[in-house]
Amino acid sequence: MVKIYAFLISFEHILEFYFGIETILKPYRVIGIFIVLLGMKSLAHSPQIKLNKRLIYYLLFVVVHIIFVAIIGEVNWAGFNNYYIQVFFNAVVFMTIISFSWNEENYVSVIKFYVCGVVINSLFIIYTKHILNFTERLSGFVDDPNSASFGITLAFIFLLYFRLNKKLSLLVFVTLSTVLMFALYYTGSRSGIFLVTLSVFTLLLLTKVNFQSLSIIGIGIFVVYKLVFMVLEPDDKNYHTANSTVSRFEKIDSDIRFDLWQSGYVAFENSMYFGVGMFQFASNFKIFGEAVRTVNKSFYKARKKMYKGLSLHNLYFEVLFGTGFLGFFFFLRFIYQIIRLSKFKERTNLNRKLHYSMCICFLVFIAVVDAILSGYFWFTLFIISNSFVISNIGIKNSVLRTKRLIINE
């Protein structure tokens, strides 16, 4: 069931694309309902009860905080409920999944299903570009290009690690990696390209690399990429000039994120540093408009026509400016509970190296995207948290074996 869940994360908008059905019950969330129903007993005896408690404390604080905000100010309850229900459901599914008994074989199997889903979505991105002739930034069946790029980054890290450990043939690796890199390029995501570079560099540092093999892999991907690109895009120079990724890199100093972050601070300051309420910057135009107007009037006028706010594209700021310092503290406690467990040495090489790479990729990702609604956000937490579960089981088993030896002697 978890394998299907991991596979379907990359198809959250498939119903909307083909049938025009807009619903928060994405295909992977429907599977998540069955996971929760089947795993209720294991959830009560989760080996990660401390991690779950910290997540629950944060979610409860968000509700208490928004009630106080409503008493002293104005709250868009429809927007809050829509966002919060999705986050709460994703959190329950996450807590249920990590409560299951895991071994490395199952762990790797889930990763493989996830990679298959991302590769298929990447092929669809290429299809929409060259067959359907879409010209804007593409994300396939994923909610937005930045989330799609993050999902591609995770998949590429898994493929690279499997190849470096000779668990994947060179031909398969080069083929799948080429598909992923094309899709990443078409998302037009600067953060995605940066994450791929950073995460791969980290993984290579943690792995004993045969540089000759690595050179062959790199040259192979580059050659295949260029050959395919020459077929798909014969006017190479003009395409690069028009492509959103390249043009966006040229305008990196004018990224709207900087205005959003500054506007978020203005709203936070206007709330006397109490916080404007979680998800209010995106759903409450009054709060959004007052803050943005003082920072960028032209941007304010453009958004006023739609009368719609926008997320801060940074989960750290979204939490801090939304729930204040206390809410930010609860959120960081939850994240810290995940990161700190990397001290376990008993984790297998696969889990340890993936863990470090995922941690870095995750921490950077939520700094450039408001990712808490994304299935990729919770799947990354699963990858990290599941390695904890395996580690803890390994530690407990080694302790039990030691005790048995002492008793027998």
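For segment 285-306, filtering for residues that are in contact (Cβ under 8 Å) with a residue 12 or more places away in the chain, surrounded by fewer than 23 Cβ atoms within 10 Å (Cβ to Cβ) and either of a type outside the set (Phe, Trp, Tyr) or not in a helix (DSSP H, G or I) (or both) leaves 8.
Summed over segment 307-335, residues that are under 23 Å from the mean Cα position of the chain (by Cα) and not in a helix (DSSP H, G or I) total 6. Of the residues that make up segment 227-236, is at least one exposed (fewer than 14 other Cβ atoms within 10 Å of the Cβ), at pLDDT below 55, under 30 Å from Val179 (Cβ atoms) and in contact with a Ser or Thr (Cβ under 9 Å, 6 or more places away or on another chain)? Looking through segment 227-236, none of the residues is exposed (fewer than 14 other Cβ atoms within 10 Å of the Cβ), at pLDDT below 55, under 30 Å from Val179 (Cβ atoms) and in contact with a Ser or Thr (Cβ under 9 Å, 6 or more places away or on another chain). For segment 105-120, does any single residue satisfy the condition of being surrounded by fewer than 21 Cβ atoms within 10 Å (Cβ to Cβ), at pLDDT 85 or above, assigned to a helix (DSSP H, G or I) and of a type in the set (D, E, K, R)? Looking through segment 105-120, at least one residue is surrounded by fewer than 21 Cβ atoms within 10 Å (Cβ to Cβ), at pLDDT 85 or above, assigned to a helix (DSSP H, G or I) and of a type in the set (D, E, K, R).
Could you please let me know if Asn133 is surrounded by 21 or more Cβ atoms within 10 Å (Cβ to Cβ) and over 22 Å from His355 (Cβ atoms)? No: the conditions fail for Asn133. Within the bounds of segment 134-150, is there any residue that is in a helix (DSSP H, G or I), closer than 20 Å to Val179 by Cβ, touching a residue at least 12 places away in the same chain (Cβ under 8 Å) and charged (D, E, K, R)? The answer is no, given that none of the residues of segment 134-150 is in a helix (DSSP H, G or I), closer than 20 Å to Val179 by Cβ, touching a residue at least 12 places away in the same chain (Cβ under 8 Å) and charged (D, E, K, R).
When we screen Leu195, Leu160, Leu176 for residues that are in a helix (DSSP H, G or I) and more than 27 Å from His13 (Cα to Cα), the only hit is Leu160.
Here Thr202 does not qualify as of a type in the set (Ser, Thr, Tyr), free of Cβ contacts under 8 Å to residues at least 12 places away in the same chain and under 21 Å from Thr380 (Cβ atoms). Among all residues of segment 391-399, there is at least one that is part of a helix (DSSP H, G or I), more than 27 Å from Asn165 (Cβ to Cβ), more than 16 Å from the chain's Cα centre (by Cα) and modelled with pLDDT under 80.
The values are calculated or read from the model by the stated rules, or taken from the named source; none is laboratory data. All values derive from a computational prediction rather than experimental measurement. Please note: Cβ atoms are built from the backbone with ideal geometry, for glycine as well, and neighbour counts cover all protein chains shown.
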